[in-house]
């Protein structure tokens with residue numbers, strides 16, 4: 001007898017907790033990787049410790065896939081809530097340049113930003129897969145069902161001028177809102193096995209110096225998130241829908 005899962009994504013709870021503990025390390029590794037690829041001709045690793053093989057890469061992105069992965073078997077999909085991690089020492093570096101206590105980043109500011117950006121990220125990927133013709137999105141499933149989970153994560157978040165809800169009347173100006181890296185996995189819901197892992201770094205293009213606030217920062221983040229979510233949808237359509245149409 002098949003039983004429904006006890007709670008949405010219950011099978012990934014331990015994995016999510018582990019991700020939270022190691023995401024800072026992953027963030028640092030990807031920072032080094034993107035810098036290394038930009039400054040040297042050395043290619044990224046051809047395989048990962050968990051057996052994924054490099055499919056494609058460029059200076060700031062990479063795609064790994066399990067060699068025997070059969071993505072076309074999945075008929076149902078889920079979006080795991082996005083996790084967010086700042087660039088290592090971002091708070092320290094920002095505060096060292098802003099001596100006034102009213103202009104310094106507090107832990108509560110970082111927590112708010114991570115929560116807001118995580119929810120925004122989850123929404124973009126959910127909406128991308130909900131557009132017609134929509135994928136069958138689920139939050140719980142029966143044992144034995146073929147469900148593919150989309151697990152987006154943002155690492156190396158580097159905000160140039162964060163909006164701090166400060167009583168100070170000073171304004172911040174910048175030419176770029178900052179940068180971040182998308183670290184995304186496609187996971188089998190039943191086994192928690194990672195089938196695809198991709199990462200890509202983006203920076204808000206420097207155009208002209210402008211007043212920076214929560215609205216401008218969110219607009220910049222939304223542009224990056226929309227591009228990532230749109231690209232995932234296009235890749236899934238090409239891989240999954242094309243396979244289905246050809247049957």
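All of the numbers you see were taken from the coordinates with simple rules; none came from a lab. Remember, it's a predicted structure, so these values are computed and weren't measured experimentally. Please note: Cβ atoms are built from the backbone with ideal geometry, for glycine as well, and neighbour counts cover all protein chains shown.
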Rounded to one decimal in nm, the spacing of the 7 Å Cα→Cβ label points at residue 239 and residue 203 is 2.9 nm
Please label the shape of segment 91-169 as rounded, prolate or oblate, based on the square roots a ≥ b ≥ c of the eigenvalues of the alpha-carbon gyration tensor (a/c under 1.5 means rounded; beyond that, a/b larger than b/c means prolate, else oblate).
prolate
Highest to lowest packing among 133-141, 113-121, scored as the average C-beta count within 10 Å
113-121, 133-141
